[in-house]
Amino acid sequence: MVDVLVANGPWLIAIAAAFGFLMAWGIGANDVANAMGTSVGSNAITIKQAIIIAMIFEFAGAYLAGGEVTSTIRKGIIDSSYFVDVPELLVYGMIASLLAAGIWLVVASALGWPVSTTHSIIGAIVGFAAVGVSADAVEWSKVGGIVGSWIVTPAISGFIAFTIFQSVQKLIFDTEDPLLNAKKYVPFYMALAGFVMSLVTIKKGLKHIGLHFDNVEAYSLAVAVAVLIGIAGKIAISRLKLDPKADRETHFGNVEKVFAILMVVTACCMAFAHGSNDVANAIGPLAAVVSVVNNGGEIAKKAELVWWILPLGGFGIVLGLAIFGKRVMQTIGKNITHLTPSRGFAAELAAATTVVIASGTGLPISTTQTLVGAVLGVGMARGIAAINLGVVRNIVISWVVTLPAGAALSIMFFFMIKGIFG
């Protein structure tokens, strides 16, 4: 059956590229809003500014750090030995998965649901493999781990966000002189943000460019960055011309302005880390198709990336965000709970911290679920009444539906593609 791949090779690659672009577009529309939603929702930046920042940093992350070599099968969800004699089924399945996950992400984005792009593509791959090839081809224990992460991830990030926000309240906002205390404590928050963000960038981003740091080097580097940022923050804040005689409201406003600047920095780092990490959801299956077709049906453990694949993923992400990213941003930034820059900062820092913990422990996580959990944590710090439970319910339903929706669509497309080429 390898003749099928030889005869239709260019067609299969072209179709996979088109669907890979659709998938990247969906990631941009849905997931990038996570990195930027809190900044927009707390009015730290406008939607236009968010789109420009995300375009630059997401593309940089995807293109510079999106992975020289990407594993042919994402996160080892299916066993490639089942496809050795029928490599064309792997090609059809990956094409079907890209189309299925891409369509589901576009639908979810239109409805303003922040779903997980990682889970969309995993659901799709599991679907075609289990039904189209063999249920044994799926590593079910890995799938179980993903389902478990739905509860664990938001819980961890919610707890961290709650703690960070409570500390900001106690140390700064609930004091006699919030401005004086902001000048005292904000540099520490800046240093903490610098530490976590540089760790995210080192662990998630730089390893793809061939810069490998062991844990000691990574942490030493992050501590150095944190100290520098803390000192720079202290100097910058001491230069702020603020009237100490103004009323408390004005002081609160000025403190929030400081957090707004911090949020822009955290948003840039999150966008870079996200671009480097999640572009793989679109280009992994595409790289697998290109590799199998170009190698005449041989399935390699790692697929070398052809030069055009990364920019395709990067452009797809940027376009999806620019054209369609507004709705999910609205959900995360405005509809769950009312965010101010200090609350948004607590949520974003908590999400980033969870990403660091997860990449250290190998938990399969979704940036979306991490951030939604963090926003909920900040809301909980103000009491359950501060949270819009209807929105939260819809989000949770959309998470549960993502895996089966991806699977069902992918099974359907798999048999259609198999019928056309087979």
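A compact table of results
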| read-out | value |
| --- | --- |
| Total lysine pairs whose alpha carbons fall under 30 Å of each other in the range 88-243 (8 or more apart, or interchain) | 13 |
| Table column - 3J(HN,Hα) (Hz), the range 80-87, Karplus curve with 6.51, -1.76, 1.60, x for Gly and Pro | 6, 5, 5, 10, 4, 7, 10, x |
| Cβ-Cβ FRET estimate between His212 and Ala155, R0 fixed at 41 Å, reported to 0.05 | 0.85 |
| Under 5 Å, built H, 5+ apart or other chain: amide partners of Ile78 | Glu139 |
| The chain, helix-only ellipticity at 222 nm - DSSP H runs n ≥ 4, -39,500 (n - 2.57), divided by all residues, nearest 500 | -25500 deg cm²/dmol |
| Probe 1.4 Å - accessible area at Trp308, Å² to nearest ten | 70 |
| At most 13 other Cβ within 10 Å, DSSP loop - trypsin sites (Lys or Arg not before Pro), the range 190-298 | Lys241, Lys245 |
| Loop sites in the range 300-333: trypsin sites (Lys or Arg not before Pro), DSSP, at most 12 other Cβ within 10 Å | Lys301 |
| Where Ser291, Ser359 fall by accessible area, highest first, once all protein chains stay in place (1.4 Å) | Ser359, Ser291 |
| About the Cα centre, charge dipole magnitude for the range 304-401 (Lys/Arg +1, Asp/Glu -1 at Cβ), debye | 440 |
| Estimated FRET transfer efficiency (Lys245, Ile384; beta-carbon r; R0 25 Å; 0.05) | 0.05 |
| Net dipole in debye of the chain [+1 Lys, Arg Cβ; -1 Asp, Glu Cβ; about Cα centre; nearest 20] | 1160 |
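The values are calculated or read from the model by the stated rules, or taken from the named source; none is laboratory data. The model shown is predicted, which means the values in this text are computed figures rather than measured ones. All Cβ positions, glycine included, derive from the backbone under ideal geometry; neighbour counts span all protein chains shown. What goes into the accessible areas is simple: the full protein's heavy atoms, side chains included, and nothing from ligands, DNA or RNA. Shrake-Rupley method; radii C 1.70, N 1.55, O 1.52, S 1.80 Å.
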